[in-house]
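Peer 1: Pasting a structure here, questions to come.
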């Protein structure tokens, strides 16, 4: 019987810690907010995913949950909230209105939050069931662990571009 060692990268350990400490910032604008609030009750126990307590400042959050319809006038505000969040950051579109604009097909409704910020996970439904949201949180945790979040992919691409000499570091 030989001597066995388990090796791991520091990045894997950091991603494991990140996936269980999601500091969420809810951006609630419409009727899906009721279903969103029901999810954070004791019946569904979101605390086991590390995403229990909402933060009320984007500077303290790394998970932006967009709940409800986004109008064209709210787009710049949503973008500013996203830019104020610490990195790495993740986003979830909660419900059909946040994902595609829903049944509102007019000039004032944005056809999905992905028109102004990148979205990592989409949750369908009008309103989505709490079980769907729990599945989406697990999917997001898997993406974080594997380093497949939008920001993580962007950082990796920038790092590879710097190594290849295609991008210069200023500073």
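The values are calculated or read from the model by the stated rules, or taken from the named source; none is laboratory data. On a predicted model such as this, the values are computed, not experimentally measured, just so you know. Methodologically, a virtual Cβ is constructed for each residue, glycine included, from the backbone with ideal geometry; neighbour enumeration extends over all protein chains shown.
Peer 1: Kindly evaluate residue 104 against the criterion of being over 12 Å from the mean Cα position of the chain (by Cα) and either surrounded by 17 or more Cβ atoms within 10 Å (Cβ to Cβ) or outside any helix (DSSP H, G or I) (or both).
Peer 2: Criteria met by residue 104.
Peer 1: Still on this structure, I have one more. Tally up the residues in the stretch 17-34 that are in a loop (DSSP other than H, G, I, E, B) and either without any contact (Cβ under 8 Å) to a residue 40 or more places away in the chain or touching a strand residue (DSSP E or B) at 6+ places or on another chain (Cβ under 6 Å) (or both), please.
Peer 2: Qualifying residue count, the stretch 17-34: 2.
Peer 1: I would also like to ask the following. Failed condition for residue 162, given (1) closer than 29 Å to residue 13 by Cβ; (2) under 14 Å from the mean Cα position of the chain (by Cα), with all others met?
Peer 2: All conditions are met except number (2).
Peer 1: Would you pick out the residues in the stretch 57-93 that are within 25 Å of residue 126 (Cα to Cα), in contact (Cβ under 8 Å) with a residue 12 or more places away in the chain and surrounded by fewer than 15 Cβ atoms within 10 Å (Cβ to Cβ)?
Peer 2: Listed by number, the residues that qualify are 72, 73, 76, 79.
Peer 1: Among the residues of the stretch 130-145 satisfying the criterion of being exposed (fewer than 14 other Cβ atoms within 10 Å of the Cβ) and under 15 Å from residue 39 (Cβ atoms), which is nearest to the chain's Cα centre (by Cα)?
Peer 2: Across the stretch 130-145, the extreme among qualifying residues is 138.
Peer 1: Can you tell me which condition residue 73 does not meet? The list is (1) under 18 Å from residue 94 (Cα atoms); (2) over 14 Å from the mean Cα position of the chain (by Cα); (3) at pLDDT 80 or above, and all the others hold.
Peer 2: (1)
Peer 1: Same structure, new question: Which members of the stretch 115-148 meet the condition of being closer than 20 Å to residue 95 by Cα, touching a helix residue (DSSP H, G or I) at 6+ places or on another chain (Cβ under 7 Å) and in a loop (DSSP other than H, G, I, E, B)?
Peer 2: If the condition is that a residue be closer than 20 Å to residue 95 by Cα, touching a helix residue (DSSP H, G or I) at 6+ places or on another chain (Cβ under 7 Å) and in a loop (DSSP other than H, G, I, E, B), then 116, 117, 118, 119, 120, 124, 125, 126, 127, 128 are the ones that fit.
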